[in-house]
Amino acid sequence: MTDLLSIAESVARSAAGLAFERRTEGVEITMTKSTVTDVVTAADADVEQLVLRRIRQLRPDDGILGEEGTSVDGTTGITWVVDPIDGTVNYLYGLDGYAVSIAAVEGPTRVEELRAESWTGLAAAIVAPASGAVYTAAAGKGASLNGQSIRASAADSMASALVATGFGYDPGRRSRQGAAVAQLLPKVRDIRRLGAAALDLAMCGAGRLDAYFEKGIRPWDVAAGLLIAAEAGCVTHIEDAGGELFAAVAAPGIAEELFASLEHIGAAKA
Ligand code: LIP
């Protein structure tokens, strides 16, 4: 486990350094994916290639699943789930809210059979180079921010909860998600849409947010953040509808109340 964590952190730090360097040189869109707002930069691909090279050197028999197309079956039952730049739109606009997210999970050796509902998170690292935040966790060993142990917040009512969420790229889904969050807004302290699921989840673990939920995210967005949040004491919930996920994470004192509200507003179906 320690070895997996040290690899995750070391590779994420290197990758984040490249992402930051490329950001300072200037970034442009190289292609769009699901919609015109779902953008990819050359840095996304180059950062993923760095991660791929390093993990293949260090753990040649493990699997790798990356947002920008990496899909390598392993033989060990351990797969590295990689988002080279989570918060791509923030990255494109020069906003600080982006991070490299790397997790080692245990599950089927065939990447296409991996499911967020059933894999076991073993080690995780999320590195946000613009802010200097390095979040890490290992199964059963707790979670840390910049080497300091972190815990979920002590929030004990939804009315005092700061809740993060995100929106998909499809206009129809965004309309439904906007309607759902409008129902939640009067019941909580406030809503934050920060643009990077990995950081939203890690900040729940650090008590900087009290909860997060989103429909339509992908395994690489959440693999590391879910382990960090869980190891920090958050209650986590994940539904995997064929690779398209609904994730909800909350401080223990508000989880039951918040999850019931999310069910009521149909957040998982938006
Ligand atoms: C992003 C997620 C975020 C979501 C965005 C986007 P990306 O991932 O981290 O939570 O709301 O729409 O999917 O595309 O920046 O890696």
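The values are calculated or read from the model by the stated rules, or taken from the named source; none is laboratory data. This one's a predicted model, so the numbers in the text were calculated from it and none came from an experiment. For neighbour counting, all protein chains shown are included, and Cβ atoms are generated from backbone atoms with ideal geometry for every residue, glycine included. Protein only, heavy atoms only, side chains kept; ligands, DNA and RNA dropped before computing areas. Shrake-Rupley method; radii C 1.70, N 1.55, O 1.52, S 1.80 Å.
Annotation: amide H-H contacts under 5 Å for Thr41 (H modelled 1.01 Å from N, sequence separation of 5 or more, or interchain): Thr30. Here is what passes the span test in the chain: the DSSP H helices with alpha carbon length of 27 Å or more along the helix axis and a Kyte-Doolittle mean of -1.0 or above are 2-25. Each Lys and Arg Cβ is given +1 and each Asp and Glu Cβ -1; about its Cα centre, region 123-270 then shows a dipole of about 320 debye. Close amide H partners of Leu194, meaning residues 5 or more places away or on another chain with modelled amide H under 5 Å apart, are Thr165. Considering only DSSP beta bridges where both residues belong to region 123-270, give the percentage that are antiparallel (nearest 5). Roughly 80 percent of the beta bridges in region 123-270 run antiparallel, per DSSP.
Both radii are taken from the alpha-carbon atoms of the chain; with Rh as the Kirkwood radius, Rg/Rh is 0.94. With springs only between Cα atoms under 10 Å, which of Arg59, Arg218, Arg13 fluctuates most in a Gaussian network model of the chain? Result: Arg59 has the largest fluctuation of those listed. Most simply put, the chain has about 80% antiparallel DSSP beta bridges, counting only bridges with both residues inside it.
In this structure region 156-216 gives 40 Å² per residue of accessible area when probed at 1.4 Å with all protein chains present.
Against the criterion of solvent-accessible heavy-atom surface with a 1.4 angstrom probe, Phe20, Phe213 sort, most first, into Phe20, Phe213.
Taking a straight line from the alpha carbon of Lys33, these lysines sit under 27 Å away, with near neighbours fewer than eight places off in the same chain left out: Lys215, Lys269. Put +1 on the Cβ of every Lys and Arg and -1 on every Asp and Glu Cβ in region 1-82; which of Ile7, Thr79, Met31 then has its Cα farthest towards the positive end of the dipole? Of the options given, the answer is Ile7. Relative to the Cα centre, the charge distribution of the chain, modelled as +1 at Lys and Arg Cβ and -1 at Asp and Glu Cβ, gives a dipole magnitude of about 440 debye. For the chain, the share of accessible area belonging to carbon and sulfur comes to 49 percent (1.4 Å probe, ligands and nucleic acids excluded).
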